[in-house]
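First the structure, in the form of structure tokens, and then the observations on it.
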Amino acid sequence: MADFITKNQLRSFIDGKDEFLNKSFAIVEARLSKIIKTRNEFESSVFISHSHKNSDLVEYLVALLRKLKVDVYVDWMDDELSYPPTSKTALKIKNMIDANKKFILLATNEGIESKWCNWELGIGDVHKFIDNIALMPIADNSGNWIGNEYLALYPYIDKKYKSLDWDKEYQVIYPGGQKFDFEEWLKRK
């Protein structure tokens, strides 16, 4: 099973380490949907499924993916979506899962418990299949899939080494043991 990435490790990947990432947070705060960019500027695109209780962690993940030239879709950054959610919200999310090349579930305890995240993972499973889905297990200290064993069917993002550096340090591991460098996985067809 994966060595779970801790919330503090995810935060430490970028805190004060990289000027680009600090600028990325300004972009996130400006609500990425307001910045006009075409998909041609990006080498890949990712739909991030997450619990809204983990919005702070999503901002870190968005910054990391942007650094890797990956376009990102996060529902709460989409000005077209309304709150509270409606059937139109569900349809838009479904379409965005299909439109993006990759699907990452930020697998926190809150995300795993979320009805929306489980629904999104099901949609992702239908549209992305195993080659384009990955879980990013995040826990306060450690964790497992007890009660959610079906999650072990999916590839997951894991640390190659036990350091806190992001670049070239992560891989996507498939249930059969096949491994890909995270950046390589993001850009795979």
query = In terms of modelled amide H atoms, which long-range or inter-chain residues lie less than 5 Å from the amide H of SER49?
reply = ILE104, LEU105, LEU106
ask   = Using 7 Å Cα-to-Cβ label points, what is the ALA139/TRP119 separation (nm, one decimal)?
value = 2.8
ARG188 long-range amide H proximity, modeled H, under 5 Å = none
task = Run the quick spin-label model on GLU110 and LYS160: label points 7 Å from Cα toward the beta carbon, then report their separation in nm to one decimal.
result = 3.1
ask   = Using the count of nearby Cβ atoms within 10 Å as a rough guide to exposure, how do HIS50, HIS127 rank from fewest to most?
value = HIS127, HIS50
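No lab work stands behind these numbers, since they all come straight from the coordinates. All of these numbers come straight from a predicted model, not from anything done at the bench. All Cβ positions, glycine included, derive from the backbone under ideal geometry; neighbour counts span all protein chains shown.
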